[in-house]
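Values quoted throughout were computed directly from the atomic coordinates according to the rules given, and no laboratory measurement underlies them. Computed from a predicted structure; not experimentally measured. Here the Cβ positions follow ideal geometry from the backbone for every residue, glycine too, while neighbour counts run over all protein chains shown.
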Amino acid sequence: MKFHVISFGCQMNANDSDWLVRALESRGWTETPEEQASVFIVNTCSVREKPEQKVYSLLGRLEQYARRDGGVFAAVGGCVAQQVGRGFFERFSFVRLVFGTDAVALAPEALERLAQSPDERLALLDFLPTYAEREDPAPKAGGPAQAFVNIMQGCDNFCTYCIVPYVRGRQKSRQPGAVLAECRGLAARGVREITLLGQNVNSFGLDRGGAGVSFAQLLRQVAAIPGVERLRFTTSHPKDIADEVIAAFGELENLCPALHLPLQSGSDAILKRMGRRYDTARYLDIVERLQRARPGISLSTDLIVGFPGETDADFEATLRMVERVGFESSFSFKYSDRPGVAAVRMEPKIDEETAAARLEHLQNLQNTLTKDCLEKCVGTQTVVLIEGPSRKQDAGAPSLRGRDPAGRTVNVTLDGGADLTGKMVPVRLVEAKKHSLVGEKAGASW
Ligand code: 5AD
Ligand code: SF4
């Protein structure tokens, strides 16, 4: 069967989609461009309004293929599938499978079955009490030097704006042994950078799935695997980050000097209404301790503007916090009501115009902070893990794209045409662009 996967949303979704591709390929299916596919797999995200709307417009567009060829069908997975469930069958006649966030492991088999029985439809929407291990299909030969490893699923926090606990279910840690086995396997086939993934990785092990192993312990065990040269993790909740995890930034050399730590708001009143269970003083204390453990650590964050009841003063407090921490980058969003969450009932709602103006203001501030951070790097030397050719190739010297230890994108100009993908390359940084750096080879080691 020829299939095409379209993925929205977070890195966990991207990772699930990668796995689906490998699992289907190991069953003899072939990934193709959209126009040639008989089966579409849409992995959806409902965390904010925009990605959810994108799912519906995409399915509306894909329906044309099914109108032309009655054998074409679609499967919808992920958070919107969990939320809307069988509703997709009514909205789109060519959707024949909906699979929720705990059913990814079952999707390849379900797809095989549906390909053979054209009259059938299937909904796999149950939440499972524990993390569902998946088969481990053969990796693609010569795959990238970076990999993502899921360590948990779901979230128990119920921040008042967030749909995640409803669509991904309660927190379920994966068995530490399974995490370590996957990481060892990746390192053995040449992966040099691993990112541990979960909605709230710092509370790994606090449910029964973690077998009594804390996140700090898991981090140390993964860091000790030979061949793991770079280790990252995301996402962290400030209220759950343990002293041992902060200390690990000072102790584990291969733990990268970067942390994504969602702040959401710089107003204590709004943080309270968001149900975040930390205040700005506690957040600043964590930042200080991180900076002490690993001077120069690069911090990034998520921010919401226009949360119900957010005043001008609340918003200004966010601007001040962002400036004070000096985030290197941030993702910022306008609040949107998500079905069933507590903030839907909170008033007053902020009008669209005010929220849009606040977002723009915040993003302008962030752009100047990002620029400052990148400019500070110019003139220093670093090591770049090369991911492939740069997106934009200037006429003349070819250029490669990679990341420095903090995760900054670096484009490296080359004299020769050697394929350095997957290699660690010493680089001198010579220029700061808006969101990336430009580097040149340093020394004679390559
Ligand atoms: N409205 C706007 N942004 C949201 N996020 C989560 N829920 C909402 C919502 N209802 C943002 C948060 C979170 C990121 C993944 O998405 O900032 O950290
Ligand atoms: Fe959503 Fe809060 Fe859980 Fe993050 S910690 S997934 S924002 S409920």
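The table that follows gives values for the structure above.
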{"read-out": "Mean ellipticity per residue at 222 nm, deg cm²/dmol - from DSSP H runs of n ≥ 4 across the chain, formula -39500 (n - 2.57)", "value": "-10500 deg cm²/dmol"}
{"read-out": "Exposure proxy ranking, count of Cβ atoms within 10 Å, fewest first, for His435, His361, His237", "value": "His435, His361, His237"}
{"read-out": "The range 326-385: Cα Rg divided by the 2.2 N^0.38 Å rule of thumb", "value": "1.67"}
{"read-out": "Built amide H within the under 5 Å cut-off of Val410, gap 5+", "value": "Gly402, Arg403, Asp404, Leu437"}
{"read-out": "Two-site label geometry, Gln221 and Leu128: point separation in nm, points 7 Å out along Cα→Cβ", "value": "1.9"}
{"read-out": "Trypsin sites (Lys or Arg not before Pro) within the range 118-149: DSSP coil, no more than 16 neighbouring Cβ in 10 Å", "value": "Arg121, Lys140"}
{"read-out": "Linear extension gain, Arg277 paired with Ser93, 0.36 nm per residue minus alpha-carbon span", "value": "61.8 nm"}
{"read-out": "Which of Phe331, Phe315 has the fewest Cβ neighbours within 10 Å, and the rest in rising order", "value": "Phe331, Phe315"}
{"read-out": "Trypsin sites (Lys or Arg not before Pro) lying in DSSP loop within the range 162-200, provided at most 16 other Cβ fall within 10 Å", "value": "Arg170, Arg189"}
{"read-out": "Flagged links, alpha-carbon separation over 22 Å, of Lys376/Lys433; Lys54/Lys239; Lys239/Lys349; Lys392/Lys434; Lys172/Lys239", "value": "Lys54/Lys239; Lys239/Lys349"}
{"read-out": "Free-standing Cys, the chain [no other Cys Cβ under 4.7 Å]", "value": "Cys10, Cys45, Cys79, Cys155, Cys183, Cys256, Cys373, Cys377"}
{"read-out": "Under 5 Å, built H, 5+ apart or other chain: amide partners of Lys423", "value": "Ile386"}
{"read-out": "Those aspartates and glutamates that a straight Cα-Cα span of less than 14 Å connects to Lys371, excepting residues fewer than 8 apart in one chain", "value": "Glu323, Glu328, Glu431"}
{"read-out": "Calculated from backbone phi, Karplus (6.51, -1.76, 1.60) coupling profile of the range 152-158 in Hz, x at Gly/Pro", "value": "6, 9, x, 7, 10, 7, 6"}
{"read-out": "Derived scalar couplings ³J(HN,Hα) [the range 418-424; Karplus, 6.51 cos²θ - 1.76 cosθ + 1.60; whole Hz; x for Gly, Pro]", "value": "4, 7, 9, 4, x, 9, 8"}
{"read-out": "Distribution of pairwise C-alpha distances over the chain, 10 Å bins, in %", "value": "4, 19, 27, 28, 17, 4, 0"}
{"read-out": "Size of electric dipole in the range 342-429: Cβ of Lys, Arg +1 and of Asp, Glu -1, about Cα centre, debye, nearest 20", "value": "300"}
{"read-out": "Gyration tensor over alpha-carbon atoms, the range 302-446, equivalent ellipsoid semi-axes in Å", "value": "41, 16, 12"}
{"read-out": "GNM result for the chain, Cα springs below 10 Å: residue of Ser46, Ser93, Ser265 fluctuating most strongly", "value": "Ser93"}
{"read-out": "Long-range HN-HN contacts of Leu124 with modeled amide H, under 5 Å", "value": "Val98, Phe99, Gly100"}
{"read-out": "Measure of compaction for the range 118-175 (Cα Rg per 2.2 N^0.38 Å)", "value": "1.54"}
{"read-out": "From phi via Karplus (6.51, -1.76, 1.60), per-residue ³J(HN,Hα) for the range 196-210 in Hz, x at Gly/Pro", "value": "7, 10, x, 5, 8, 4, 5, 9, 3, x, 7, 9, 6, x, x"}
{"read-out": "Ranking of Ser7, Ser117 by count of other Cβ atoms within 10 Å, fewest first", "value": "Ser117, Ser7"}
